[in-house]
Amino acid sequence: MAEKNIYTVVVADDEDELREAVCATTPWEALGFHLVGSASNGLDALELVERLEPDLLLTDIRMPFISGIELARQVREIRPAMHIAFLSGYDDFEYAKQAIQYNIISYMLKPLTMDGLAAELKAIHEKIDRRYAGLRQSAQAEGGRAAFLIPLVLEPYADMPAGQEQALRQTAAECGLLRGADDASQMVVLVSSMADGAPCAPGFVHLAEQLANKYLRHFVFASSGRVVAVLWGNPSDFEEYLHILADEICQLTERALGKRALVGVSRTTGAFGALNAAYRQALDALRAAQESEGGVSFTADTRKGSTLCQRALEIIGQRYMDESLSLASLSALLNVSPNHLSACIKKTAGETFINILIRRRMEAAQQLLLTTDLQVQEIARRCGYTDQHYFSYCFKKYSGTSPGALRRQAARANQEAPA
């Protein structure tokens, strides 16, 4: 009998009794899972996902501070390849429909028996197995498109005759690569390889193609031991999906194929005659990706990890009071992928982004509590929290005491100090 694949899991639920029962009584190992953490609210769950990088997040849909829907959205930004399953009450079904866009692998209704949960986890395990097995299958070549496009990518065209670009666009439309000769889509070239320099692992081309298919129009092929993808879209498509696609290639290659991958991405171009130049940009970015913590490099990103981390810490220091500051928004400001930025911060600073942000906010809160008469609600707002209860929760978790208790302790110390 083949050995069962073991997938890591984090459980998040604000009902302490239920969460503890699920964690303690579920036969995780027998079902092919390894429990690595649990959380009582959405923000703690997000921190665990960033730090532990589990294969599966099993979460309630209604939790304090951020909902399961918002948790799913933020998880997809930093771990696009991760699987998410919802536990929820029947009344939340309409609400849960919002999560369809986040590719939820399972939706379980409460109350749920332990036998019912075990059966559903078994089904989830089989789904994950099938997904990874499918990614290992080899892709089929696409004849006519390959004959047209591959030479344009791999061979330089220094002196293209006048009118040739329009002829190329017409051929591309006939091949189905464009929606017509007047299709104004831009193109990006993405190149990926094994980090150890070995030839492509079996199924690597198919994996890249299947992932690209989720986000952008594409043509994927292998060349010189690398996977090359030409991607079509408009600027907003690339802004929204390119970072996610690059990160997901790295994450799923490691999980499904057991190999570490690198990804380099070119700038955009609107001309088929410029595809070779874009390919060479992607190769330069691929070489830079060898020094990238997340394994992904974009042509515009030439910064070293320590420099990138320092800039990220500066922005956190400047904008910690902004409630919308997140790993995704910070990575967008720095023009890098969330996965790459998260890896750089963890290696250089030794902590996760979330821990660094919370510490900066708590330090500011302590200072305001001890040096001003501002109400706790106003201090929470100035430190990036709209929910005073969550602010107090974070403060006590960080400081070991509540905001009010800290003020009382300081007042007593001042009264007892000698004149």
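Of note:
- Note on residue 166 and residue 363: with the Förster distance fixed at 51 Å, the Cβ-Cβ geometry gives a FRET efficiency of about 0.25.
- When you filter the trypsin sites (Lys or Arg not before Pro) in segment 208-281 for DSSP loop state and at most 13 other Cβ atoms inside 10 Å of their Cβ, you are left with 260.
- Cleavage-rule hits (GluC sites (Glu not before Pro)) in segment 216-296: DSSP loop, at most 12 neighbouring Cβ within 10 angstrom: 291
- On full extension, the segment bounded by residue 133 and residue 280 gains 49.7 nm, given 0.36 nm per residue less the C-alpha separation.
- Residue 147-residue 318 pseudo-label distance in nm [points 7 Å out on the Cα-to-Cβ vector]: 5.5 nm
- Expressed in units of 2.2 N^0.38 Å, where N is the residue count, the Cα radius of gyration of segment 280-419 is 1.34.
- Per residue, the chain exposes 47 Å² of accessible surface when a 1.4 Å probe is rolled over the protein heavy atoms with every protein chain present.
- Of 289, 162, 277, the one that fluctuates the most in a GNM where the chain has Cα springs shorter than 10 Å: 162
- Gain in span if fully extended, residue 6 to residue 399, counting 0.36 nm per residue against the direct Cα distance: 137.8 nm
- Candidates 152, 245, 370: whichever shows maximal mean-square fluctuation once the chain is modelled as a Gaussian network with Cα springs under 10 Å: 370
- For residue 83, the accessible area of its heavy atoms, probed at 1.4 Å with every protein chain present, is near 10 square angstrom.
- The distance between label points at residue 239 and residue 213 comes to 2.9 nm (points 7 Å beyond Cα on the Cα→Cβ vector).
- Subtracting the Cα-Cα distance of residue 377 and residue 347 from 0.36 nm times their residue separation leaves 7.3 nm of extension gain.
- With all protein chains in place and a 1.4 Å probe, the accessible surface of the chain carries 49 percent carbon and sulfur.
- In order along segment 306-322, the Karplus-derived 3J(HN,Hα) couplings, from 6.51 cos²θ - 1.76 cosθ + 1.60 at θ = phi - 60°, round to 5, 5, 4, 4, 4, 5, 4, 5, 5, 5, 4, x, 7, 10, 4, 6, 7 Hz, and Gly and Pro are given as x.
- Highest mobility in the GNM of the chain, judged by mean-square fluctuation with C-alpha springs under 10 Å and restricted to 344, 250, 200, is found for 200.
- For the chain, alpha-carbon Rg and Dmax in angstrom: 24.7, 90
- For the residue pairs 347/397; 4/259; 127/214, the alpha carbons lie more than 21 Å apart in 347/397.
- With the charge dipole of the chain set up from +1 on Lys and Arg Cβ and -1 on Asp and Glu Cβ about the Cα centre, the Cα lying farthest toward the positive end among the listed residues 225, 35, 379 is that of 225.
- Placed amide H near residue 185: partners under 5 Å, 5+ positions off or other chain: none
- Gyration tensor (alpha-carbon) shape descriptor, segment 219-259, a/c threshold 1.5: oblate
- Each part reduced to its alpha carbon centroid, segment 210-249 and segment 1-21 end up 32 Å apart.
- Around the amide H of residue 226, modelled in the peptide plane, lies no amide H under 5 Å away from a residue 5 or more places distant or on another chain.
The values are calculated or read from the model by the stated rules, or taken from the named source; none is laboratory data. The structure displayed is predicted, hence computed values, not measured ones. Backbone-built Cβ (ideal geometry, glycine too); neighbour counts: all protein chains shown. Surface areas here come from the heavy atoms of the whole protein model, side chains and all, with no ligands, DNA or RNA. Shrake-Rupley method; radii C 1.70, N 1.55, O 1.52, S 1.80 Å.
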